[in-house]
Every structure is written in structure tokens, then in C-alpha cells.
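Comments concern the structure below.
Bear in mind that the values in this text are calculations on the coordinates, not laboratory data. Just so it is clear, the structure is predicted and the values come from calculations on it, not from any experiment. As a convention, Cβ positions derive from the backbone with ideal geometry for all residues, glycine included, and neighbour counts pool all protein chains shown.
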Amino acid sequence: MAAKNLQSIRGIHDGLVTEVRLWQRVEAAARKTFGRYAFSEVRLPILEPSELFVRSIGEATDIVSKEMYAFTDQGGDHICLRPEGTAGATRAYLQAGLTRSGTQRWFYIGPMFRRERPQKGRLRQFQQIGVEMFGAQGPLEDAEILAMAHAFLSELNISGLQLEINSLGCAACRPAYHDALMGYLHARTDHLCATCNDRMNTNPMRILDCKNTQCQTQLDDVPEMVKHLCNDCEQHFSGLKSGLQALDVPYQINARIVRGLDYYNRTAFEIVTDQLGAQGTVLAGGRYDGLVSQLGGPPTAAIGFAAGLERLGMLLAEQDASHADTGLVEIAVVAIGESVLQYSMQRAAQLRNDGFNVVHCGGGNAKRQFKTADREGARFVVIIGEDEMRQGCVSLKTMATGKQQQVSNKDLNAAINLEQ
RNA sequence: GUGGACGUAGCUCAAUUGGUAGAGCCCCGGCUUGUGAUGCCGGUGGUCGCGGGUUCGAAUCCCGUCGUCCACCCCA
């Protein structure tokens, strides 16, 4: 344990080489897939006014009431590290005056901050890949955005994932459902856990996904939102389902998916895994038709989702560890003798210009240099001594086979490509 | 925020009933000063997370603290 009093903040981890390689694979898959669906990347602020999240997510939520890194800056402004991306994206959409510019299809990749108790797959600073689509209201868009999420994860080849969908209804049908739910729950308060009894007052729908098995046994025939949808919501939901079927996206209806926030309506979905312990949600989202107007804009339909970059990286690491460490270094240059040092550096530079990833082993003791080459995982060693320099050639060694040959400088690239 | 487990060399771990720490791997050097991954020999490296306390004596017991992990909670 090196630096004792100089550690990263609890729950805030360094992304070292291994993790970053994993993340970059996830990011590459996202950029590729989202591009196919004509989504464009945006880069949004990490610092936002605290007020933004109070007004969007809501003061009563855990995220805002106890998990936000919020502070007053030197000028007296109340600002915070963003705990999620949707609110900022909506703010930016409004600020840029895009409400009459047609459908906006955005995605972003970046860090979010929540002061939670750290756990596997749960960090205080974590990265999300977020997608937001503004100005699209039909079930076709819902189906397509889910197909996009599915394609994105398929691109990564992660198995064991499950798409679950639900409908949360809308302002028209939710009150009646709420009454039905409360009636059902009130009859069983004695059998529900303490947390659930609290939730009766704050957010009764949350009781549906309580993990307490005792509570779950009480909920066998609990009223479900999907069975209380109004006509419009019903049509929307069946449009989504038939869209997913048409696109061959496997899904499952899970009436227990809920959202804590008021602005969510209709489609809600999660993609879950059983491989990350309690933090099984790898991607989640839904429709939030109410948010734009809640933040002062015109009524605007919107839908989006966010995926946890670290969680996806962990799944990749568990599934194919072999993939993680494919050699970065293609060629190691070994210089034998002081007199060829500078020349060997020039040859290394030339190989880099030719498009190879090259390390120079530093000259000196030949054995040491070969050891370095091996440790770096170089596939080839280009050996340069006085003879080679004089003759305008190098000795090319293929590390895996041990085969070594003399190749003239002009034939080197061809020889390497032959050996690959 | 609540509950539980853990914290010993760079890494993975060991140290019988409390007697001031060991191994493997890694790293460095040598056996071969134009050749690696296998072999042999040698070497560097630890205020036992940190701070108190009990004791003649603590890595080992107690308290606190920080951190990691797990579950609750919450969520990506």
C-alpha cells in the first residue's frame, strides 16, 4: 500500500489500462450501433445547477435528497455534480431552442456522481452511456430504440441478458390504478415489511419490486398497471410489442418494473443480468413525455435509456478474459551496440510511420532487451546491429515460433505481413 | 444511512494458546557482454491499513478510524 494519505475518494476508482480497454470496446460498440440509428453524440456539462435535478428528478428522491454532490461555489451559486444524464440533456435541448427543430437523437458517454454506499457494480463516480430522443411519440420509436439497445448489447456479445418491458400508463389512467393498488395494499399492511409500509405513503408502486420475499408472497394477485391502461396507453403498449416482434427483439413483460419519478410514463424497460449480484440492471430507461414541459418547455414526447459502462465492462471481463489482453505492441526494436543506437531509433520511427505499434527496447544488454520484448508481448523483434546497419537490413524474429531471418529494409513490411 | 466479512512484501496468501514476520509469483543481477518465454544461483523489498488501549511483550486481544467486498436501501 503505497501512498497512505493520498488515496482516491471512496467509491471513486481509477480506470487503469485493463478497464479502459474494456470500456473502449463498449464505447466503440455504442458509437457504431447508435450511428446506424442516426443518433449523434453530444457532450454535456458535468457540473449543473442543483436546481435542475430538484425540478426534474424531484426533491423527495434518494438521488436528490441524499446522494447528490451539491455545494455552493465561490460565487454563491448552488451547483452539483450531475447524478444522471437525462435532466441535463433536456436542459440543453431547451437551452439550444431545439423544440421546433424536429426529432433530436442524442447519445452521450460520461461520468455521473452519486454518494451511495459502494458495492459491486455501484460506484460513487460511474460512467453511463445515455441515449435520449426528443420529439418522438409513437410506439414505433419505442420499439426502434429498444431494438437499438438490443443491437448494441448484441454487438458486445454479452449473453444471459434479458429485456423486460412494462407500461406505466399516463396521467389519465394512473390515478384509477393508484386507487386500486392502494385498496389492495391497505388490506395487507400487516404482512408487508416496514420499508413497504413507508412506501405506501411515498411511492406505492415501488412496493411491487420489493425484494423481501415475504412481501412478494403478498403480491401474487396485486393489480398491475398493464391491466389498467387507458385506450391510448393500451394502443401504445401493443404497438410497442408488435414492433418488437416484427424486429425479432426478444422481450418479456414484467409488470413489476416501476419508476420513482413522476415524469415517466408509458414505456419502461430494463435489461438485466444475473451475473452482477444485486446490481443486475445493465441498461434501463423509458418514456418521459412530461419532462420537457416540467422544465419549462412545450409538451414534448421523449424517450431514452442509460447503460452502466462499468457494469458492461465487468460482464465483458467475466465472459471473455482472453479478449482483454491482445498485444498492443507489434514490434520491439533491439539495438546491439552503442554505435547503432541512433540508427535503430530512426528505424523504429520509420516502422511507426508505416503503421506498426513499436517499442524500442532501449539498447544495451541484448538479453535484457529480448526479455523486455517478450514482456511487452511483441509479436516481432527487429534486431539491428552493426552488420545490419551496414547492409541496410534487419534481423526479423517472430517471437511465437522463434524463427529468425535477415530482411532488407525495403522488404521488411512485406516480410512482417507475410508472417502475421 | 443500516447490517456482515475482510485489510500482512508490487501481486496472491501463510504465521499453532499474544513472544517485534514467511512462501510463491513479480522485479533486479549472475550462469551466456547478438537473443526471450523453460533451468540453476543470488539479491531488493514489510512502521503487519492508520490511531489509541490492554500487556513485560500485539500482525494476533479491545476501541476508534479509513478503505475494500457483500447484503439491505437505491439504482446504471
Check: How much of the calculated P(r) for the stretch A:250-367 lies past 16 Å, in percent of all Cα pairs?
Finding: 75 percent
Check: How much mean residue ellipticity at 222 nm does chain A get from its helices, if each DSSP H run of length 4 or more adds -39500 (n - 2.57) and you divide by all residues, to the nearest 500 deg cm²/dmol?
Finding: -11000 deg cm²/dmol
Item checked: Under 22 Å from the Cα of A:K371 - lysines, other chains or at least 8 residues apart -> A:K397, A:K403
Notebook entry, point to check: Which of the lysines could a cross-linker bridge to A:K227, judged by Cα under 30 Å and excluding same-chain residues fewer than eight apart?
Noted result: A:K211, A:K241
Margin query: Can you compute the FRET efficiency between A:Q74 and A:M399 using 1/(1 + (r/R0)^6), with r the Cβ-Cβ distance and R0 = 56 Å? Round to the nearest 0.05.
Written below: 0.50
Next item on the list: Starting from the Cα gyration tensor of the stretch A:119-179, multiply each eigenvalue by 5, take the square root, and state the resulting semi-axes largest first in whole Å.
Entry: 27, 19, 14
Notebook entry, point to check: Using a simple spin-label model with points 7 Å from Cα along the Cα→Cβ vector, what separation in nm is obtained for A:D232 and A:A194?
Noted result: 4.3 nm
Checklist line | For the stretch A:165-203 and the stretch A:340-365, distance of Cα centres in Å | finding: 69 Å
Next item on the list: Evaluate the Debye formula for the stretch A:309-420 with equal point scatterers sitting on the alpha carbons, no solvent, and hand back log10 of I(q)/I(0) at q = 0.11 Å⁻¹, in q order, two decimals.
Entry: -0.39
Checklist line | Residue-count net charge about A:C230 - beta-carbon cut-off 13 Å; Lys, Arg +1, Asp, Glu -1 | finding: +1
Notebook entry, point to check: Using alpha carbons only, how many degrees (0 to 90, rounded to 10) separate the axis of helix A:309-319 from the longest principal axis of chain A?
Noted result: 60 degrees
Checklist line | Cα shape, the stretch A:1-54, gyration tensor, a/c 1.5 rule | finding: oblate
Checklist line | Rg over Rh, two decimals, chain A (C-alpha only, Kirkwood Rh) | finding: 1.11
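Based on the Kirkwood radius over alpha-carbon pairs, what is the Stokes-Einstein translational diffusion coefficient of the stretch A:108-222 at 20 °C with 1.002 mPa s viscosity, in µm²/s?
For these conditions, the coefficient is 120 µm²/s.
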Note to self: Given axes a ≥ b ≥ c from the Cα gyration tensor, I'd like to know whether the stretch A:150-307 is rounded (a/c under 1.5), prolate (a/b larger than b/c) or oblate.
What the structure shows: oblate
Note to self: When a/c reaches 1.5 or more, the comparison of a/b and b/c decides; with that in mind, is the stretch A:1-111 rounded, prolate or oblate per its Cα gyration tensor?
What the structure shows: oblate
Notebook entry, point to check: When you count, for each residue, the other Cβ atoms within 10 Å and take the mean per peptide, how do A:17-24, A:209-216, A:29-36 rank with the highest first?
Noted result: A:29-36, A:17-24, A:209-216
